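Presented below is the structure to which this report refers.
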Amino acid sequence: MILSEEHARSMTSKDAVMEAVERELGIARAALAVGNDGKTRVCARRAVGNAISWMLSRFPRTGWHTDAMSRIASLSSDPTFSQGVRDAARRLSSRIDEHFRYDEASDPVSDALLIIQAIMTIMDAGDC
C-alpha cells in the first residue's frame, strides 16, 4: 500500500512511516527469497514511495506526481540527492526489457534501502 501525502502528513511519527516502509521491504525480501523478481521490485518501489510521500508531506516538490513510479523517476533527476541515490532510483524505476527481464545488476531491495536512508537523513535534518 502506498501512503498518500495526506495520510503521510497525518502520521505523527517517523515510526509510523517506517512501519509501512518495513512492511513493504519485508514482503520484498520474502519475494526475493523465492525468486519472485516482479513482486520484489513492486514492493521495493512501494517502500520507497511511502518514504517519498512522507518527505513530500514536509518538503513539497512541484511536478512530482502522486504515483510511486513517477516519484521515483523524479527523484532520479533531483540534484538534492547524491548521484548514487539518483542511480538507485533510476534502476528501481526501470522497466523490463523486450525479453521480460530486468537489468542483471539490479538489486531492488538494496536500491530501496539506499534511497530510504537518504530520505530519512533529510527528514532527520529537517531540510531538503
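The values are calculated or read from the model by the stated rules, or taken from the named source; none is laboratory data. All values reported here derive from a predicted model rather than from experimental measurement. Glycine gets a Cβ as well: all are built from the backbone with ideal geometry, and neighbour counts include every protein chain shown.
For the range 52-67, enumerate the residues that are farther than 15 Å from A125 by Cα and among the aliphatic types (A, V, I, L, M).
The answer is I52, and nothing else.
Here is a check on your reading of the model: is D103 surrounded by fewer than 17 Cβ atoms within 10 Å (Cβ to Cβ), modelled with pLDDT under 95 and outside any loop (DSSP other than H, G, I, E, B)?
It is false that D103 is surrounded by fewer than 17 Cβ atoms within 10 Å (Cβ to Cβ), modelled with pLDDT under 95 and outside any loop (DSSP other than H, G, I, E, B).
With the requirement that a residue be surrounded by 18 or more Cβ atoms within 10 Å (Cβ to Cβ) and outside any helix (DSSP H, G or I), what does the range 81-100 give you?
F81, the sole residue that qualifies.
Within the range 22-80, count every residue that is part of a helix (DSSP H, G or I) and at positive phi.
0
Can you pull out the residues in the range 50-67 that are among the hydroxyl-bearing types (S, T, Y) and in contact (Cβ under 8 Å) with a residue 40 or more places away in the chain?
Of everything in the range 50-67, those that are among the hydroxyl-bearing types (S, T, Y) and in contact (Cβ under 8 Å) with a residue 40 or more places away in the chain turn out to be S53, S57, T66.
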